[in-house]
Structures are given as C-alpha cells and as structure tokens.
Amino acid sequence: MPTVILVRHGRSSANTSGTLAGRTPGVKLDDTGVQQAAAVAQRLAELPLAAIVTSPLERCKQTAAAIAKQHPGLRPATDRRLTECGYGDWTGQKIATLAKDPLWAVVQQHPSAVTFPGGESMRGMQQRAVDAVRSYDAALADSRGPNAIWVAVSHGDVIKAIVADALGQHLDTFQRIVVDTASTTIITYTATRPFLVRLNDSGSELASLIPKPSAKGKPKKQSSDAVVGGR
C-alpha cells in the first residue's frame, strides 16, 4: 500500500499564546510557523508526491500550500475528517484555565472516555481520522499503484491518534506520543498491518522513501528493518 507522510501544521499564534485553538476560524501560522512550513516543504520537495490532503483549518491549509509550491500542478485537497478534534466549549480557552478542570486529568490519562462538553469524543476523532487515511491509501493504491507517496496535513492530537492506531495501541496511550509542529510522521499500511517508519521527524532526509527501480525497471518498495524483521 502507499506511504502516508503525516505533517503537523507549523507553529500558530495559538501555540504561542497558550490557547486551545481547536476549530477556531482564522488561526494562522506565526512567523516561526511560516518558516517551519517552508522548511518541511523543502524536505518534501524531492519526493514524487501523489497527493496532498489537508485539514480545512487555516494553519493546515497554509502548511499544505507551502508544500504544494514545491510540487507544481499538485493542488491540496481538503478533508474535514483530518480537522482538529471538536473541543466544544473548551475551544478558545487558555490551557492554564483548562488544566484546572477535572476533565483535564481524564483527557491526559483516559482519553477514550472523553467527550468534550458541546463537542466531539476523542474516540470519534480517532476513528474518522484513521478512516480518512485508510480510504486515501486505498484510492491511491488503485490509481497510482502501491508505491505512491502522499501527504496529509493535520493536527497534533489527530496525528497522535493515527499513530496509536497504527501501533495497535489503545487510544489511552496516545498522550505518550509527541508530535511537534511541522514534523513528519510516516506510516506505510499493508494488507496485514501498518508500519511506523518515522515519528516526529524534523530533520532527517526523506529521499530514502523513493522506491528504487527493480531489475525489471519497475519501482521496488523500500523495506524498513521492521518489515524485514517481522516476516
């Protein structure tokens, strides 16, 4: 199956102000975030991307646009299933204030039990995000072949939830995963299981993801040590 590169958006004004932006419209990248988006776009420039899919929120669309600049003719598609978790009444509040709410401890330790007041459950967030990634993977496998590489631009909690699923971990463990702004997390899905190729990667080269030609001249998928050792 194709390989998905999950990109968290660059740093936003909400990240620096200590506010839970959630789905607040108009939250944009700050100056550092713009630089981060340009840097991750440069890292992805040499890859033959088959698609760029993004959350509809502005900070993700800005990051996706920076990536698309390096790939003329490739226009980012928007998918609401990749949007931020619906934090409901928590949206727009200060993190310091929310940390005093009894629900905060549940979010940190038992997120599978959480439905935000006036918002979405964390289980629902994980399910729709995983469904989005798997559906794009299947569609690209049909249209572009099993060696396709594509990008999904999303949010920290969303990407952490996708990673937990790929690792076969319970959602309650997802707070142990770190996903920094403008980082890349790479997953290859197969018919039997997913493989986490890289996590929270902000600096390494990505050229090794490009399939090398086989003896017959057809692209050959690069295998990770995990894939080889798991057979």
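The values are calculated or read from the model by the stated rules, or taken from the named source; none is laboratory data. None of the values given here were measured: they were computed from a predicted structure. We place every Cβ from the backbone using ideal geometry, glycine too, and count neighbours over all the protein chains shown. Protein only, heavy atoms only, side chains kept; ligands, DNA and RNA dropped before computing areas. Shrake-Rupley method; radii C 1.70, N 1.55, O 1.52, S 1.80 Å.
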Value of D in µm² per second that Stokes-Einstein yields for the stretch 3-205, Kirkwood Rh from Cα pairs, at 4 °C (1.567 mPa s):
76 µm²/s
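As an exercise, use a Förster radius of 22 Å and the Cβ-Cβ distance of Gln108 and Ser17 to find the FRET efficiency, rounded to the nearest 0.05. Each step should come with its number before you reach the end.
Numbers: r = 21 Å, r/R0 = 0.95.
After rounding to 0.05, the efficiency reads 0.55.
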Rounded to the nearest 10 Å², the accessible area of Lys28 at probe 1.4 Å
110 Å²
Suppose all protein chains stay in the model; what accessible area per residue would a 1.4 Å probe give for the chain, in Å²?
47 Å²
Zero-based 10 Å bins, Cα pair distances in the stretch 88-157, whole percents
16, 38, 23, 16, 7
Once you put a point 7 Å from the Cα of Arg176 and another 7 Å from the Cα of Gln93, both along the Cβ direction, what distance in nm separates them?
2.8 nm
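In the stretch 3-205, what percentage of the DSSP-assigned beta bridges are antiparallel, given to the nearest 5? Don't skip to the answer; put the middle values down first.
On the way: 13 of 26 bridges.
Of all bridge pairs located within the stretch 3-205, approximately 50 percent are antiparallel.
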Principal axis dimensions, largest first and in whole angstrom, of the stretch 1-44 by Cα
37, 23, 16
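With all pairs of different alpha carbon atoms counted, what Kirkwood hydrodynamic radius in Å does the stretch 127-181 show?
Numbers: mean 1/r = 0.0820 Å⁻¹.
Taking every pair of different Cα atoms in the stretch 127-181, averaging 1/r and inverting gives 12.2 Å.
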For the stretch 1-96, what is Rg from Cα atoms divided by 2.2 N^0.38 Å, rounded to two decimals?
1.12
Counting only protein heavy atoms, what percent of the accessible surface of the chain is carbon or sulfur at a 1.4 Å probe?
51 percent
